[in-house]
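The values are calculated or read from the model by the stated rules, or taken from the named source; none is laboratory data. Keep in mind that what you see is a predicted model, and the values were worked out from it rather than measured. Glycine also receives a Cβ, built like all others from the backbone with ideal geometry; neighbour counts cover every protein chain displayed. Remember, those area values only see protein heavy atoms, side chains included, never the ligands or the DNA or RNA. Shrake-Rupley method; radii C 1.70, N 1.55, O 1.52, S 1.80 Å.
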Amino acid sequence: MFLVNFVYDDEELLEPYEWQDDDCFEEFYYLPIYRVTLEQLHDFIYAQMCIENCEDTHFIVGDGHYSVVIEIKDQRIARRGTVSYVQREMINHIIMSLGLTYFEYRIIEEAYEKEFGLTREERMKKICIEEVIDEIFVVHYELFLELCDQLNIKEEGPSEQYLALKNKIDKGYSSLHELLYRELIQKR
């Protein structure tokens, strides 16, 4: 039996350490398993795609190191899911004994890759911070300049300052992120 934690196609996969009781869990007694190339696995994880001539179904794709459960509805990926670490190890062992399967599909849109190692809360806070920075750059430019001054961002033009600020918060989640979250979001 597989216990799968599903997310919709426009959400990031949740690794087992991020699971919460109110997540969307489903049990399956059987799921077909397919070995795919790393490139196709990447597409299954990060792309919105159309798989023509594919009926509504659930299956697992993986490359032997990572695997993901896919739900197809109306020839599109409707949801993606993860399984526990123990089940993933078992699936990866099975995948290594399979030949490669090639899926024919058309990519509709590709998402950004997930930054692993952050908690669900840190990821959500980081998304909020990025959205507020975009907003203040466009709508409250004086606040944006004040923020850049406080963070010692001294680039020449507005675009360069914006990019420098975005680069400061691009990777990880640090005390800077927490400070920005408190100052820009909680105090609003």
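Tabulated results
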item	result
Filter result for TYR173 (at pLDDT below 90, outside any helix (DSSP H, G or I), among the hydroxyl-bearing types (Ser, Thr, Tyr) and surrounded by 12 or more Cβ atoms within 10 Å (Cβ to Cβ))	yes
Where a residue in the stretch 82-104 is closer than 27 Å to ASN53 by Cα and among the hydroxyl-bearing types (Ser, Thr, Tyr) and its partner, wherever it lies, is open to solvent by 50 Å² or more (accessible area, probe 1.4 Å) and not in a loop (DSSP other than H, G, I, E, B), with Cβ under 8 Å and at least six apart	THR101/TYR34; THR101/ARG35
Of all residues making up the stretch 8-25, the number that are open to solvent by 60 Å² or more (accessible area, probe 1.4 Å) and either outside any loop (DSSP other than H, G, I, E, B) or within 19 Å of LEU100 (Cβ to Cβ) (or both)	3
Failed criterion for GLU39 (all others in (1) within 30 Å of ASP170 (Cβ to Cβ); (2) in a helix (DSSP H, G or I); (3) open to solvent by less than 60 Å² (accessible area, probe 1.4 Å) hold)	(3)
Qualifying residue in the stretch 99-107 (condition: modelled with pLDDT under 95, surrounded by fewer than 20 Cβ atoms within 10 Å (Cβ to Cβ) and under 22 Å from GLN20 (Cβ atoms))	no
Given (1) exposed (fewer than 14 other Cβ atoms within 10 Å of the Cβ); (2) at pLDDT 95 or above, number of the condition GLU55 does not satisfy	(2)
Hey, ILE77 over 17 Å from the mean Cα position of the chain (by Cα), part of a strand (DSSP E or B) and under 15 Å from ILE108 (Cβ atoms) or not	no
Tabulated pairs, the stretch 132-155, first farther than 10 Å from LEU184 by Cβ, second surrounded by 13 or more Cβ atoms within 10 Å (Cβ to Cβ) and small (Gly, Ala, Ser), C-beta under 8 angstrom, 6+ apart or interchain	CYS148/ALA164; ILE153/ALA164; GLU155/ALA164
